[in-house]
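Okay, so here's the structure we're looking at.
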Amino acid sequence: MTDGTRTESRIEAIQYAYRLGYLAQEVRVTYRKDVKMTVGSIAVDAKEGDMSSLQRWVAKILAEQGAVEIQSNGSASDISRAINRERIAKPHDLSGVEVDFYVKVNDYLDGLKDRERENLTVSLNKFIASRLEKIVKLAAASPLSPELEAKLAAEEKELYIMIHKASTGFKKGVLRKFD
């Protein structure tokens, strides 16, 4: 297994764990039709027009069937704010994002039409490139501080640690005569 493959696997494992947590979060829904069902320990009994909270994974299934409408959780505005904060941040300063930011982004992108997804993806690619450049510079210079860790998504934290380890190893390798 190459380092690149291991890195991808670690990032995927992190995303999987945070995605599970994200899907377990409660969201507000409005029922479009009467729903009465029980799956394991989850029971739903609601009339058209009722509002309630459901775990996101249940709400997504019911939304796909047209039974509920998931109330906007502000994902679009959160993503837009994060992009704008990063755009106006100083060249050496990272703006803060939530630890599960990329999980939320991917979930939001899944719900968009192709054209909207393409437009947002262009902005997100610029956002990621900016953050990646800053993370590489910071990680090559110093270990991860608690202050900086609080600004990183889980995937970015893993990247930072890997870059710092590789950078430290490289420096020791090329300057080993002077240890």
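The values are calculated or read from the model by the stated rules, or taken from the named source; none is laboratory data. What you see is a predicted model; the values in this text were computed from it and never measured. FYI the Cβ positions are ideal-geometry reconstructions off the backbone, even for glycines, and counts take in every protein chain you see.
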*Options 105, 99, 136; residue that is touching a helix residue (DSSP H, G or I) at 6+ places or on another chain (Cβ under 9 Å), in contact (Cβ under 8 Å) with a residue 40 or more places away in the chain and outside the structural domain of residue 13 (by TED's automatic domain parsing)*: 99
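For the condition surrounded by 11 or more Cβ atoms within 10 Å (Cβ to Cβ) and over 30 Å from residue 162 (Cα atoms), what is the one hit in 12, 64, 8, 26? Full working, then the answer.
Working: 12 fails: over 30 Å from residue 162 (Cα atoms); 64 fails: surrounded by 11 or more Cβ atoms within 10 Å (Cβ to Cβ); 8 fails: over 30 Å from residue 162 (Cα atoms).
Going through 12, 64, 8, 26 in turn, the sole match is 26.
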*Output yes when any residue across the stretch 35-53 is within 20 Å of residue 157 (Cα to Cα) and surrounded by 14 or more Cβ atoms within 10 Å (Cβ to Cβ), and no when none is.*
no
*Please indicate, with yes or no, whether at least one residue in the stretch 109-122 is assigned by TED's automatic domain parsing to the domain that holds residue 151 and touching a residue at least 24 places away in the same chain (Cβ under 8 Å).*
yes
*asked:* Could you check the stretch 139-153 and list, in sequence order, the residues that are buried (at least 19 other Cβ atoms within 10 Å of the Cβ) and part of a helix (DSSP H, G or I)?
replied: 139, 148
*If you go through the stretch 13-31 one residue at a time, do you hit one that is free of Cβ contacts under 8 Å to residues at least 24 places away in the same chain and not in a helix (DSSP H, G or I)?*
no
*Conditions: (1) touching a residue at least 24 places away in the same chain (Cβ under 8 Å); (2) under 15 Å from the mean Cα position of the chain (by Cα). Residue 57 meets all but one. Number of the miss?*
(2)
*If you scan the stretch 11-52, which residues turn out to be more than 22 Å from residue 110 (Cα to Cα) and among the charged types (D, E, K, R)?*
33, 34, 36, 45, 47, 48, 50
*Could you tell me which numbered condition residue 107 fails, if it satisfies all but one of (1) crowded, with 16+ Cβ neighbours inside 10 Å; (2) farther than 26 Å from residue 60 by Cα?*
(2)
_Single residue of the stretch 65-89 satisfying the filter (under 17 Å from residue 19 (Cβ atoms) and in a helix (DSSP H, G or I)) that is modelled with the lowest pLDDT_ = 75
